[in-house]
Amino acid sequence: MARGYLKRLELAARQRLPPEAAAEATEDYREMLAEQQAERPEEGPECRWGSPSQAVRLLDRPGQYRRWLIAFGLMAACLVWPACQLVGPEQRPNISACLAVLGAAVSLAWFGWQGKRSEGKPPRAIWALLCCQLLLAGLGAGALYLGAYRWIDLAEAGLLAPEWVGRALGLALTLTGAGSAALGLLGLTLARLADRRWRALYILGLTILALCLLALSVLRSMSLDSSIPGWQRPYLIRAAATALAGFCAAGAGLC
């Protein structure tokens, strides 16, 4: 019972306090809990301090916690708002790219200032989920390749309905963007609770989401004239620049 209480208290402390303060609070309560168990083993910790959240609030600094909530809300909005455009009638890749830059910059600055970094190499779970995001990006890129070089030819030959090609591409890009956004939110949460290097997962999610919205905006553009030679070159350059910047920022997030 005491061990479970202490684990929940540690989690609450990481949510509401900066890393150093959370570690100190957890250690203080661990010592006090050991003393209580030795003196009055029949008395539960809830009787003395209340729930773990109530115990942490005794040490809470409201100003610090409010600043964290503001920073978290801003970083989450930079991910959630573009994700909502995946199923919307219109995509705004320029705004999404600006939000990706803002979210990456805030995450690097905030967790560099307030984040906790464990000793040693990044946990294997970070690498595993980063690989999952790259696999999602591969799904979207593979669908674009097939659509541009295989499905369109089949549609022109009458073997595939053009509507099916468009729907398949849209679905693949939507699933890719939604999955990356979900993993990005997970990385943002774990960067606060566990290790600041989880912000790399958040930054990579921002990058892949921005790329998906750029691709969707091109596919759904009513003014696109594909008969002009090299029409795709500006979009490819922009996608490459976005990917390069995002991967560099994610690499910085692993530090």
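Tabulated values for the structure
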| quantity | calculated |
| --- | --- |
| I70 - accessible surface, heavy atoms, 1.4 Å probe, Å² rounded to 10 | 120 Å² |
| E35 - accessible surface, heavy atoms, 1.4 Å probe, Å² rounded to 10 | 110 Å² |
| Separation of the W81 and R220 label points, Cα + 7 Å toward Cβ, nm | 1.8 nm |
| Segment 68-139 - percent of accessible surface contributed by carbon and sulfur, probe 1.4 Å | 72 percent |
| Equivalent ellipsoid dimensions for segment 52-131 as semi-axes, Å, which come from the Cα gyration tensor, largest first | 29, 20, 13 |
| Protein-only accessible surface order, largest first, of C132, C255 at 1.4 Å | C255, C132 |
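The values are calculated or read from the model by the stated rules, or taken from the named source; none is laboratory data. Only a predicted model underlies this, so the values are computations on that prediction, with no experimental measurement involved. Please note: Cβ atoms are built from the backbone with ideal geometry, for glycine as well, and neighbour counts cover all protein chains shown. Keep in mind that these areas ignore ligands, DNA and RNA; they rest on the heavy atoms of the full protein, side chains included. Shrake-Rupley method; radii C 1.70, N 1.55, O 1.52, S 1.80 Å.
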